[in-house]
Amino acid sequence: MAQPRIGVFVCHCGRNIAGTVDVEGVTEEASRIPGVVLSTHYDYMCSDPGQEMVARAIREHRLNGVVVAACSPGMHEETFRHAAQAAGLNPYLVEMANIREQCSWVHRGAAATEKASRILATVVEKVRGNLPLEPSTMGHSTKCLVIGGGVAGIQAALDVANAGYEVLLVERSPSIGGRMAQLSETFPTLDCSQCILTPKMVEVDRHPNIRVLANSKIEEVSGFVGNWDVRIRKGATYVDPDKCNLCGDCVEACPVRVPHEFEEGLTERAGIYIPFPQAIPSSYTLDVQSCLGLKPLRCSECAKACEAGAINYDMQDELLEEEVGAIVVATGYETLPKAAMAEYGYGEIADVISGLEYERMASASGPTQGEIRCPSDGRVPKEVVFIQCSGSRDPELYKPYCSKICCMYTAKHALLYRHSVPDGQAYVFYIDIRAGGKGYEEFVQRVMEEERILYLRGKVAKVFQDGDKVMVWGADTLTGRRVEVAADLVVLAQAVVPSQGVVDLARKLRVSVDEHGFLKEAHPKLRPLEALAAGVFLAGAAQGPKDIPEAVGQGSGAAAKALMLLSSPELVHSPEIAEVAEHLCSACGICAPQCPYEAITVEDTAVVNEMLCEGCGTCVAACPSGAMNLRNLADSQVLAMLHAALKEHEEAEVLGG
Amino acid sequence: MAELKHEPKIAAFLCRWCAYAGADLAGTNRLAYPPNMIPIRVPCSGRVEPAWVIEALRSGADGVLIGGCHPGDCHYVSGNYKARRRVELLRDVLAGLGVNPARVKLVWVSASEGVRFAQVVRDYVEEIRGLGPNRGEFGVPEEVDDRAGRIAQAVEQAVNHG
């Protein structure tokens with residue numbers, strides 16, 4: 001500021017400030033600060049006449065800085081910056097001195113007035129050093145990338161597309177639908193999961209604004225918010241979807257049988273397959289990992305069987321380069337795999353299965369058409385033990401967190417079992433019942449009381465094979481008694497874990513994961529849908545265990561966040577960020593790793609990406625050569641503020657005496 | 001005649017997202033605390049430079065309070081951890097300069113902790129009152145000034161490399 005012409009406006013805030021602080025005295029004191037050309041006071045500065053007073057003074061006194069001594073900047077900084085801008089003053093030359101919340105409301109007497117003057121003086125010093133700033137702006141792509149085609153990704157894609165923006169929906173498996181497509185019925189309403197999901201899948205498929213890239217993976221992501229360059233590998237399916245008429249002759253012809261992923265390995269599939277009848281895209285896929293025919297010697301049984309001539313062994317992966325403005329990550333979850341967990345005989349005893357396997361069995365479209373059977377010999381189980389928290393809430397061995405959905409789906413499983421096997425007995429071992437959702441507690445109570453499911457509070461100590469039975473030894477901690485069940489089937493509510501490959505994807509996107517591999521949100525309370533990298537949004541269980549309504553809600557929320565970005569004419573970013581004095585920078589690179597947003601790159605000097613920097617100033621404090629500066633909070637400003645705050649007054653020594 | 005009594009002067013750097021908002025909440029709830037502290041709003045405790053603290057102590061502050069977000073809650077992810085490391089090293093330097101390291105204090109106060117904010121200030125004012133006026137070597141002979149400046153720089157480098 002060449003020749004400071006600062007205006008000071010002290011607010012009475014009715015009696016809120018003036019009742020404690022000697023407003024006239026503070027105004028008078030401020031008028032003596034060098035550079036202050038006008039110091040005045042008024043009843044309510046935030047009122048229209050008050051704002052007009054500031055605006056008029058800016059014009060009449062050609063002010064190049066304004067300090068409003070009133071409430072917290074959180075209350076009215078925007079108000080006065082706006083008023084100043086309308087009067088022709090750059091809004092970044094306006095600051096608030098907080099003499100209400102941090103002074104008149106908490107102090108009394110002469111000391112309050114004295115402190116108000118000091119606070120005001122510090123802010124005058126800040127304004128003296130402030131520079132007029134303009135927000136950075138930048139054009140951007142209006143396309144949205146959604147990674148993951150489960151229900152959260154589907155919802156996000158539909159919402160963005162329905163708002164009129166283009167969506168690329170990338171799914172790594174051959175069909176969208178995710179976990180929800182595998183589920184039998186949904187708690188607590190017992191809707192058929194596929195019946196409510198497939199209409200949405202069809203809507204995605206025929207939406208003119210959505211392009212589904214199944215069997216596809218994100219290879220590389222560069223750029224930043226609004227302007228991401230994404231390389232996507234669209235895996236060859238070796239089946240031309242336009243020619244494939246879903247007759248299934250190829251499956252009959254294929255000699256290969258491998259565990260069926262969609263059926264959680266309960267059945268087998270051929271090397272060429274469609275995950276489930278309603279799959280989208282609606283086409284068969286040749287699984288190159290298990291196919292015998294691709295090379296070197298072609299089996300080619302499927303191609304021979306295909307009358308439509310849809311099978312093409314020469315199909316290649318496609319590499320797509322796409323520019324997108326926003327990215328929604330909805331990569332979902334898995335459950336703790338067999339390999340990771342030997343406890344409870346999982347993976348060793350055939351009749352010990354996971355909740356997801358049970359879902360497939362309970363599903364009308366599953367391998368048993370909804371009949372509950374023992375995988376070992378297909379008999380109908382008469383005694384079933386459900387074990388909750390299998391791998392969850394177990395910080396010593398597995399996951400310390402609660403997987404959130406298991407209490408509810410176990411109650412549902414037990415209910416479905418009773419409906420399938422009315423004379424069977426079901427037991428549920430639980431630690432606590434966590435049924436915090438609309439209609440959830442009522443559902444669990446109904447299962448406990450009406451369905452006569454035996455809920456046993458306690459952990460299972462041992463599960464072992466005994467003839468054709470699975471022995472479950474546990475304790476009921478409510479009665480203190482030992483419990484032994486000779487079960488036919490044991491169902492484990494396996495811990496929810498992030499999808500495989502998420503850590504790798506997060507690295508490509510430059511977003512963080514937490515210690516368990518779930519994607520980390522920008523703020524756990526206030527920014528749960530945003531990743532720390534600007535322009536990347538999170539939806540569904542990729543961020544942490546979630547049930548369907550939460551995942552759908554987050555899908556919509558992430559879409560709204562993405563739309564805010566896509567629909568803005570240009571990206572506007574606060575200019576109160578870090579900047580580099582190039583002549584001082586030695587490119588030592590100390591600043592770059594300090595930045596949580598990866599906004600700094602080091603070339604000949606450090607370079608701050610204006611769109612990524614959030615203005616925390618951590619790099620500035622780290623710079624050993626004073627080359628990094630935080631705009632409008634420079635070291636020189638803070639030091640001047642300190643001197644103003646600590647200035648000696650003669651009467652200071654007797655204050656409070 | 002009024003009894004001459006030392007009133008501590010405290011400069012405070014308050015993170016705008018947590019401690020500063022906590023101070024606002026203390027105000028909204030009319031939770032009185034001593035007026036000895038002058039707040040300076042900063043974007044993050046990670047913006048606070050050790051040199052500021054030294055300058056404050058040289059300029060007559062009897063204590064410097066830094067208010068940041070609780071571990072894990074930093075608005076900017078990790079600025080509070082960086083502040084913690086910097087302050088820890090700074091304490092050693094202060095001790096070396098003959099200044100009681102208790103004259104700088106880093107506290108975690110969230111935006112919802114108005115009660116805690118008021119209590120933190122009350123406690124700190126009493127703590128500093130107990131230490132008496134800051135009569136460290138700061139600001140006495142010229143060469144000490146230079147030394148403080150050099151050490152401030154050394155601290156920064158050490159922190160940033162460490």
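We did not get these values from a lab; they are worked out from the coordinates using the rules stated. If you're wondering where the values come from, they're calculated on a predicted model, not measured in any experiment. Counting neighbours? That spans all protein chains shown, and the Cβs are built from the backbone with ideal geometry, glycine included.
Each residue of the stretch B:36-136 gets 89 Å³ once the volume of the Cα convex hull is shared out per residue. Note on A:Glu252 and A:Glu515: the model spin-label points, each 7 Å out from Cα along the C-beta direction, lie 5.7 nm apart. Inter-chain Cβ neighbour count for A:621-633, averaged per residue, equals 4 (cutoff 10 Å, partner chain atoms only).
A quarter of the convex hull surface defined by the alpha-carbon atoms of the stretch A:11-141 gives 8.6 nm² as the mean projection. From the alpha carbon centroid of the stretch A:452-486 to that of the stretch A:345-386 is 18 Å.
Cα centroids of the stretch B:24-84 and the stretch A:528-562: 33 Å apart. Here is the list for the stretch A:397-500: trypsin sites (Lys or Arg not before Pro) lying in DSSP coil, each with at most 10 other C-beta atoms within 10 angstrom of its C-beta, are A:Lys438. Any idea which of A:Ala270, A:Cys244, A:Pro259 is furthest toward the positive side of the dipole for the stretch A:230-270, if Lys and Arg beta-carbons carry +1 and Asp and Glu beta-carbons -1? Highest projection toward the positive end goes to A:Cys244. Among A:Gln494, A:Pro422, A:Ser392, whose Cα lies farthest out toward the positive end of the dipole of the stretch A:334-497, if unit charges sit on the beta carbon of Lys, Arg (+1) and Asp, Glu (-1)? So the residue we want is A:Ser392. Label 7 Å along Cα→Cβ of A:Asp547; the stretch A:368-404 residues with amide nitrogen under 15 Å? Output list for this probe position: A:403-404.
Dipole of chain A, Cα-centred, from +1 at each Lys and Arg C-beta and -1 at each Asp and Glu C-beta, to the nearest 20 debye? If you can, show how the numbers build up before the last one.
On the way: 59 positive and 86 negative charges, 117 e Å.
About 560 debye.
Each principal axis of the stretch A:574-631 carries a Cα extent, and these read 26, 18, 16 Å when sorted largest first.
Here the scattering of the stretch A:249-305 is modelled by Debye summation over its C-alpha atoms, one equal scatterer each and no solvent; at q = 0.23, 0.24 Å⁻¹ the log10 of I(q)/I(0) is -0.91, -0.98. For peptide B:12-21, what's the mean number of Cβ atoms from other chains within 10 Å of each residue's Cβ? Mean partner-chain Cβ count within 10 Å for B:12-21: 2. Based on the Kirkwood approach, the hydrodynamic radius assigned to the stretch A:31-74 is 11.3 Å, with every pair of different Cα atoms included.
Mind putting a number on the dipole of the stretch A:466-599 about its Cα centre? Charges go on the C-beta only, +1 for Lys and Arg and -1 for Asp and Glu, and I need it in Debye to the nearest 20.
Result for the stretch A:466-599 is approximately 80 debye, rounded to the nearest 20.
A dipole drawn for the protein assembly as shown from +1 and -1 charges on Cβ atoms has a positive end, and of A:Ala121, B:Gly130, B:Phe117 the residue lying farthest that way is B:Gly130. Across every direction, the projection of the convex hull enclosing the Cα atoms of the stretch A:145-301 has a mean area of 11.1 nm². Dipole check for the stretch A:334-497: with +1 at the C-beta of Lys and Arg, -1 at the C-beta of Asp and Glu, and the Cα centre as origin, the magnitude is about 340 Debye. Enclosing the Cα atoms of chain A in their convex hull gives a volume equal to 218 cubic angstrom per residue.
Within straight-line reach of A:Lys412, meaning a Cα separation under 22 Å, sit the following lysines at least 8 residues removed in sequence or on another chain: A:Lys382, A:Lys404, A:Lys438, A:Lys459, A:Lys546. Cα centroids of the stretch B:119-133 and the stretch A:248-288: 73 Å apart. Counting only other chain Cβ atoms within 10 Å of each residue's Cβ, the peptide A:33-45 averages 0.
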